[in-house]
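Comments concern the structure below.
The values are calculated or read from the model by the stated rules, or taken from the named source; none is laboratory data. These figures come from a predicted structure and were not determined experimentally. Cβ atoms come from the backbone with ideal geometry, glycine included; neighbour counts cover every protein chain shown.
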């Protein structure tokens, strides 16, 4: 097969041709079957409908939370807090987008994750805090202690609320929850949403109670020093559920989630407790450098390792499809490396009509195909994954034809 100067095949592989272009089967399947190609059909799935409904509900909850802040703090302070909270939010979301480049998650799922963190998790934390304060007043005549509230109550309630969103995505968007990278991305987006609303509250209170000086100090601590604090905590829950997804455990995923949640609670408690044990600026700086910086660096290392594993997994699974004739070796090399993908997009932009969009779709669907095959190899939900595989094979073939102008 001839190829372009950029290494991309100038002619497509025809999946309808006879052997050896056989339909790739899971390793445990007894006999391969001949592929049947058809144009991909867009379907509105039940998870997508549930996701849209969930996004609508969470949108109303977010408005209610904002209304609560406006009533108790004031519209002017909340507006300033909102604008200030956008700064760390943009930084965190940009980092998450960088992590999510290899196999981007569906936008609806990401929107649901953000709203769950910004609305549902915050609402749960506020309601639980109100309940605890009322119970403490009834029992002792006083509110709960500040230390217990910050170091015990907040980590447990907030991380549990955020973890519930990750678990929901694991159950509802299981098709797109393939491994540790996906778990990390969803957990990080939920944490970013939670931190966004929490920052609005903290910044607004600082301005209302202490003026610009307090606002500046609070902004420095939360937006400059620790914009990734909540992401670091909740990432453990996401990574744990991602491992469960990769190993295709069923009910046992609850155990993975609990282990990750416990780790998130411990990290959150360590961070909140610093303000009590490191009372001076010097002691806090020492604590931050000795404890928090290594934890954050460890998360970066873990993120890089799981991303590299996903790249290797993509190459291994697509090589199996290439052996069956669905891809050429040059396509596999292109799809399984960052430089190859960049060169392919650059080449597609030079084609008549700028076909970079079709190349992006080809790359995205091929990556999802590889991860779908990984799930099929385990033998879990084989019929569901086989249908997904058929759709993705059709989508990949269609995108290739668009790239080549056929």
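Summary table
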| item | result |
| --- | --- |
| Residue list for the stretch 344-359, restricted to those being in contact with a helix residue (DSSP H, G or I) (Cβ under 7 Å, 6 or more places away or on another chain) and either in a helix (DSSP H, G or I) or surrounded by fewer than 19 Cβ atoms within 10 Å (Cβ to Cβ) (or both) | 344, 345, 348, 349, 356, 358, 359 |
| Boolean, residue 152 is over 27 Å from residue 53 (Cα atoms) and touching a residue at least 60 places away in the same chain (Cβ under 8 Å) | yes |
| Options 264, 316, 278, 330; residue that is more than 19 Å from residue 238 (Cβ to Cβ) and either buried (at least 17 other Cβ atoms within 10 Å of the Cβ) or in contact with a strand residue (DSSP E or B) (Cβ under 9 Å, 6 or more places away or on another chain) (or both) | 330 |
| Residue check, residue 395 part of a helix (DSSP H, G or I), surrounded by 18 or more Cβ atoms within 10 Å (Cβ to Cβ), in contact (Cβ under 8 Å) with a residue 24 or more places away in the chain and out of contact with any strand residue (DSSP E or B) (no Cβ under 9 Å at 6 or more places or on another chain) | yes |
| Hey, residue 371 out of contact with any strand residue (DSSP E or B) (no Cβ under 9 Å at 6 or more places or on another chain), assigned to a loop (DSSP other than H, G, I, E, B), in contact (Cβ under 8 Å) with a residue 40 or more places away in the chain and not assigned by TED's automatic domain parsing to the domain that holds residue 180 or not | no |
| Evaluation of residue 59 against (1) exposed (fewer than 15 other Cβ atoms within 10 Å of the Cβ); (2) touching a helix residue (DSSP H, G or I) at 6+ places or on another chain (Cβ under 6 Å) (one fails), failing number | (2) |
| Elements of type helices (runs of 4 or more DSSP H) in the stretch 206-307, at least 2 residues being over 25 Å from the mean Cα position of the chain (by Cα) | 253-277, 281-287 |
| Residues located in the stretch 308-328, provided they are out of contact with any helix residue (DSSP H, G or I) (no Cβ under 9 Å at 6 or more places or on another chain) and assigned to a loop (DSSP other than H, G, I, E, B) | 324, 325 |
